[in-house]
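Have a look at the structure below, then the notes.
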Amino acid sequence: MRPTAINGSEPRDASPKHFARQLLVVAENRVELLMVEVQEERERLLRAILLALGVAVFGFLAGAALTVALVVMLWSLSPIAVLLTLTLLYSAVAILLYRHFTILQRSWETLPATIDQLRKDRACLENYLA
């Protein structure tokens with residue numbers, strides 16, 4: 001139900017022009033929020049990629065050094081057994097990391113604040129127009 005003025009006419013701020021201006025202001029605010037969130041997501045993604053790259057490089061170097069040390073140390077016992085054991089160990093770790101990666105991908109939310117705010121705006125607009 002729309003408010004009415006004392007003389008029975010609609011109040012000035014319930015006019016279509018005022019409503020359109022308010023709608024444009026809300027849309028502008030939402031676009032600004034979207035731009036801020038896109039910038040934050042881009043920075044977060046870049047930071048995550050650089051960190052993952054650093055972890056991968058130094059993890060590889062540590063694994064290579066450990067592999068060489070173990071192979072040299074246990075070569076006299078059974079070189080094939082040492083290499084197969086290390087292969088199985090590295091494969092198990094790779095599978096575990098892949099599983100964690102897929103879980104992370106499934107739970108990733110893009111622009112959650114913008115989507116939430118747009119849902120609230122839609123509900124408010126539906127209540128106003130009803």
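Which of these, Gln117, Gln39, Gln105, has the largest mean-square fluctuation under a Gaussian network model of the chain (Cα springs below 10 Å)?
Result: Gln105 has the largest fluctuation of those listed.
Can you tell me the length gained on complete extension of the stretch Trp108 to Met73, counting 0.36 nm per residue apart and subtracting the Cα distance?
Numbers: separation 35, 0.36 × 35 = 12.60 nm, distance 4.38 nm.
So the extension gain works out to 8.2 nm.
Roughly speaking, what is the centre-to-centre gap between segment 23-63 and segment 85-110 when only Cα atoms are used, to the nearest Å?
21 Å
Find how much the distance from Tyr128 to Leu53 grows on full extension, using 0.36 nm per residue of separation minus their present alpha carbon separation; answer in nm with one decimal.
Details: separation 75, 0.36 × 75 = 27.00 nm, distance 5.04 nm.
Answer, rounded to one decimal: 22.0 nm.
Against the longest principal axis of the chain, how steep is helix 16-74, in degrees 0 to 90 to the nearest 10, with axes from Cα atoms?
In the chain, helix 16-74 runs at an angle near 0 degrees to the longest axis.
How far is helix 79-107 tilted, in degrees, relative to the longest principal axis of the Cα atoms in the chain, given as a value from 0 to 90 rounded to the nearest 10?
With rounding to tens, the tilt is 0 degrees.
How big is the dipole moment of the chain about its Cα centre under a simple scheme where the beta carbon of each Lys and Arg is +1, that of each Asp and Glu is -1, and everything else is neutral? Debye, nearest 20, please. Don't skip to the answer; put the middle values down first.
Working: 13 positive and 12 negative charges, 30 e Å.
It works out to roughly 140 debye.
Using the C-alpha atoms of the chain, what convex hull volume per residue, in cubic angstrom, is computed? Let's see the in-between values first.
Details: hull volume 14.0 nm³, N = 130.
Enclosed volume per residue, from the Cα hull, is 108 Å³.
Need the full-extension length gain, Ala62 to Arg44, defined as separation in residues times 0.36 nm minus the C-alpha distance. One decimal, nm. Intermediate results must be reported in sequence, preceding the final value.
On the way: separation 18, 0.36 × 18 = 6.48 nm, distance 2.66 nm.
Gain in length upon complete extension: 3.8 nm.
Read the figures in this text as sums done on the coordinates, not as results from a lab. If you're wondering where the values come from, they're calculated on a predicted model, not measured in any experiment. A quick note on method: Cβ atoms are made from the backbone with ideal geometry, for glycine too, and the neighbour counts reach across all protein chains shown.
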